[in-house]
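S.K.: Below is the structure I would like to discuss, written out as C-alpha cells.
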Amino acid sequence: MDNRLVGGAMMFYFEKTKCAHSQYLAADPKLQKLSPMSFVYYSMIEQAKSAGYKYISWGISSNHDESINYGLTRAKEAYGSFHALNRIFVKTL
C-alpha cells in the first residue's frame, strides 16, 4: 500500500471508568473492498483489552436531526455491542 493511510480512529481512554471511547473514525473509500474499518474495530478492541479496559464506547448512533440511525446501531451491535443511554448536559448561553 506504499505506506498509505487506509483507515483510523481517535481513541480516548478513561482510566477511572475503564472505558475507551472511539471518535472520528474514517477510511479511504477507494479501499472499501479491504474492509479497513473491520480491522480498525478489531484493533481498538484488542488494544483496550490489553490495557485492562472493560468497555468500549462506539459513540452516538444518531443522525444530525437526533433521530436514531438504525443502520449504524445494527453495525455496532454486530460487534457484540449493546446500546446504553447517556445523560446529556446542556447550558444555554
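S.K.: Look through the stretch 80-93, keep the residues that are open to solvent by 90 Å² or more (accessible area, probe 1.4 Å) and not hydrophobic (A, V, I, L, M, F, W, C), and return whichever of them is nearest to residue 42 (Cα to Cα). It would help to see each step written out before you state the result.
M.R.: Here is the first cut: in the stretch 80-93, the ones open to solvent by 90 Å² or more (accessible area, probe 1.4 Å) are 82-83, 85-93.
After this cut, where a residue has to be not hydrophobic (A, V, I, L, M, F, W, C) as well, the list is 83, 86-87, 91-92.
Working: 83: 19, 86: 24, 87: 28, 91: 36, 92: 39 Å.
Result: 83.
S.K.: Select from the stretch 50-93 the residues that are of a type outside the set (A, V, I, L, M, F, W, C) and outside any loop (DSSP other than H, G, I, E, B) and list them in ascending order. Show your work before the answer.
M.R.: Going residue by residue through the stretch 50-93, those that are of a type outside the set (A, V, I, L, M, F, W, C) are 50, 52-55, 57, 59, 61-67, 69-71, 73-74, 76-77, 79-81, 83, 86-87, 91-92.
Matches in the stretch 50-93: 50, 55, 57, 62, 70, 71, 73, 74, 76, 77.
S.K.: For the stretch 62-79, which positions are surrounded by 13 or more Cβ atoms within 10 Å (Cβ to Cβ) and of a type in the set (D, E, K, R)?
M.R.: Start the filter on the stretch 62-79 by keeping residues that are surrounded by 13 or more Cβ atoms within 10 Å (Cβ to Cβ), which leaves 69, 72-73, 75-77, 79.
Across the stretch 62-79, the qualifying residues are 76, 77.
S.K.: Among the residues of the stretch 1-30, write down those that are among the basic types (Lys, Arg) and not in a helix (DSSP H, G or I). It would help to see each step written out before you state the result.
M.R.: Kept after step one, since they are among the basic types (Lys, Arg), are these residues of the stretch 1-30: 4, 16, 18, 30.
Listed by number, the residues that qualify are 4, 16, 18.
S.K.: In addition: For the stretch 44-54, does any single residue satisfy the condition of being within 17 Å of residue 80 (Cα to Cα) and free of Cβ contacts under 8 Å to residues at least 12 places away in the same chain? Show your work before the answer.
M.R.: The initial filter retains those residues of the stretch 44-54 that are within 17 Å of residue 80 (Cα to Cα), namely 44-49, 53-54.
Then drop every residue that is not free of Cβ contacts under 8 Å to residues at least 12 places away in the same chain, which leaves 46, 49.
So far as the stretch 44-54 goes, yes, one or more of its residues are within 17 Å of residue 80 (Cα to Cα) and free of Cβ contacts under 8 Å to residues at least 12 places away in the same chain.
S.K.: Would you check which residues across the stretch 46-61 are touching a Lys or Arg at 6+ places or on another chain (Cβ under 6 Å) and crowded, with 17+ Cβ neighbours inside 10 Å and list them?
M.R.: Of the stretch 46-61, the ones touching a Lys or Arg at 6+ places or on another chain (Cβ under 6 Å) are 53-54, 58.
Passing the criteria: 53, 58.
S.K.: Just checking, how many residues over the stretch 36-45 are open to solvent by less than 80 Å² (accessible area, probe 1.4 Å) and either of a type in the set (D, E, K, R) or over 11 Å from residue 21 (Cα atoms) (or both)? Can you show your working first?
M.R.: Filtering the stretch 36-45 down to residues open to solvent by less than 80 Å² (accessible area, probe 1.4 Å) leaves 36-38, 40-41, 43-45.
Add one more test, that the residue is either of a type in the set (D, E, K, R) or over 11 Å from residue 21 (Cα atoms) (or both), and what stays is 36-38, 40-41, 43.
So the count comes out to 6.
S.K.: Additional query: Can you confirm whether residue 33 is part of a loop (DSSP other than H, G, I, E, B) and either surrounded by 12 or more Cβ atoms within 10 Å (Cβ to Cβ) or modelled with pLDDT of 90 or more (or both)?
M.R.: On the way: part of a loop (DSSP other than H, G, I, E, B): no; either surrounded by 12 or more Cβ atoms within 10 Å (Cβ to Cβ) or modelled with pLDDT of 90 or more (or both): yes.
Spelling it out, it is not the case that residue 33 is part of a loop (DSSP other than H, G, I, E, B) and either surrounded by 12 or more Cβ atoms within 10 Å (Cβ to Cβ) or modelled with pLDDT of 90 or more (or both).
The values are calculated or read from the model by the stated rules, or taken from the named source; none is laboratory data. Just so you know, these numbers come straight off a predicted model, no measurement behind them. Cβ: placed from backbone, ideal geometry, glycine included. Neighbour counts: every protein chain shown. Protein only, heavy atoms only, side chains kept; ligands, DNA and RNA dropped before computing areas. Shrake-Rupley method; radii C 1.70, N 1.55, O 1.52, S 1.80 Å.
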